[in-house]
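Trainee: Shown below is the structure under consideration.
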Amino acid sequence: MPDTAPPPADVRTRMTVGRQVIAGYAAVVVLTLAVVALATVELRGVGDAKDLVIDREAALVADAHRLDAVIAERTAADRAFFLTRRESDRARVGELRRVYDEVMADLENNVYNGGGRRLLDQIRVAESSWQDGAEAVVLAAANGASNEEVVRLAEREAFPRRETLRSAVKQFIDRQEDLITQGIQRSDDRASQARLVLWLLAGVALAVAVAVATGVTRGVSRRLGDLARAVDGSASEILAGTSQQVSGFTQQAAAVQETVATVEELVQTAEQSAQRARTVADRAQRSAQVAQEGIAAVDGSAQGMQAIRDQVHTIAQSVVALAERAQDISDIIDAVN
């Protein structure tokens, strides 16, 4: 059986260098893919946090402010009916009751945690109590009770329960605004962590690329030095191939740099999204201020109507006194005749 001759030294060298080059490329590609994958995951997390703040928490705050505004309008409509006893005012009360139920239904469908649902339960109980008190006042007014009696009954049965309801709504609003602030903070923290991790991975990728390129260059140079003494032509060809490999590693390092720059731009975009979430929260706060000013205006109107009623009552008393004096004068004239 003939002896198997070992492969030439240049063949063994090419195989070893090829494995080194492949391992270096594989390490750089794996690290690049890891940077891109991590950037995608982190940016998706930041985007989800932003969507949570804008699409869910801010919507709940807006609905809660709308609920508070409907309560204020119902209060004004109740007072108008107590004073005027008009059916149009009573119909307005029923219409606002339906609007209130619609807003509550939206809140119940969108609230997603136990704390929010407990506050909604408190709001529901307080509204039921207020409705019972208001219906008692409406029944008294419909049965012909005087305005003084109706107002006293409302101040005793309806108005305190309404304040309890508004206090429960305010607690819900305060809680949702705290959740918005916490969501924005979590988004900012997530973006900062993503930036730090990405820069660390980019640094590791660059270090690995440089180390692989240096190692391959040194190994190939050493082997080529040995081969150059035996085969000058082959050494020249291998050296040219090594130069091409080093150039490829340099291009990979440049690609990693571009990927890091792109990821940084994506992180900045996520921070801009968090800033827009802050803007939405500020607008929701301004909406609450406008609603409070509207409620104050409604209370002022109700006080003005009360003052007008008192003046009408005073005038009626004066007319009755004049009528009594006219009757006395008539009696005196009859006596003189």
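Trainee: Within the group R175, R152, R162, which residue is in a helix (DSSP H, G or I), out of contact with any Phe, Trp or Tyr (no Cβ under 9 Å at 6 or more places or on another chain), at pLDDT 85 or above and open to solvent by less than 80 Å² (accessible area, probe 1.4 Å)?
Mentor: That would be R175, the only listed residue that is in a helix (DSSP H, G or I), out of contact with any Phe, Trp or Tyr (no Cβ under 9 Å at 6 or more places or on another chain), at pLDDT 85 or above and open to solvent by less than 80 Å² (accessible area, probe 1.4 Å).
Trainee: Under the condition of being over 56 Å from the mean Cα position of the chain (by Cα) and open to solvent by 90 Å² or more (accessible area, probe 1.4 Å), which residue from region 307-327 is farthest from V151 (Cα to Cα)?
Mentor: The residue in question is Q327.
Trainee: Moving on to the next point. Considering only residues of region 62-118 that are polar (S, T, N, Q) and part of a helix (DSSP H, G or I), which is nearest to G300 (Cα to Cα)?
Mentor: The selected residue is T75.
Trainee: Assuming E264 fulfils every condition listed in (1) at pLDDT below 75; (2) under 29 Å from the mean Cα position of the chain (by Cα); (3) surrounded by 12 or more Cβ atoms within 10 Å (Cβ to Cβ) apart from one, which condition is it?
Mentor: Tallying (1) at pLDDT below 75; (2) under 29 Å from the mean Cα position of the chain (by Cα); (3) surrounded by 12 or more Cβ atoms within 10 Å (Cβ to Cβ), E264 fails exactly one: (1).
Trainee: Related question: Could you please find all residues in region 189-215 being among the polar types (S, T, N, Q) and either closer than 20 Å to T269 by Cα or not in a helix (DSSP H, G or I) (or both)?
Mentor: Step one: list which residues in region 189-215 are among the polar types (S, T, N, Q), which gives 192-193, 214.
If the condition is that a residue be among the polar types (S, T, N, Q) and either closer than 20 Å to T269 by Cα or not in a helix (DSSP H, G or I) (or both), then S192, Q193 are the ones that fit.
Trainee: Same structure again: Looking at region 79-130 only, could you name the residues that are open to solvent by 50 Å² or more (accessible area, probe 1.4 Å), of a type in the set (A, V, I, L, M) and under 17 Å from F172 (Cα atoms)?
Mentor: Result: V125, single match.
The values are calculated or read from the model by the stated rules, or taken from the named source; none is laboratory data. On a predicted model such as this, the values are computed, not experimentally measured, just so you know. Quick reminder, even Gly has a Cβ in these numbers, built from the backbone with ideal geometry, and neighbours come from all protein chains shown. Accessible surface is based on the protein model in full, side chains and every heavy atom, while ligands, DNA and RNA are left aside. Shrake-Rupley method; radii C 1.70, N 1.55, O 1.52, S 1.80 Å.
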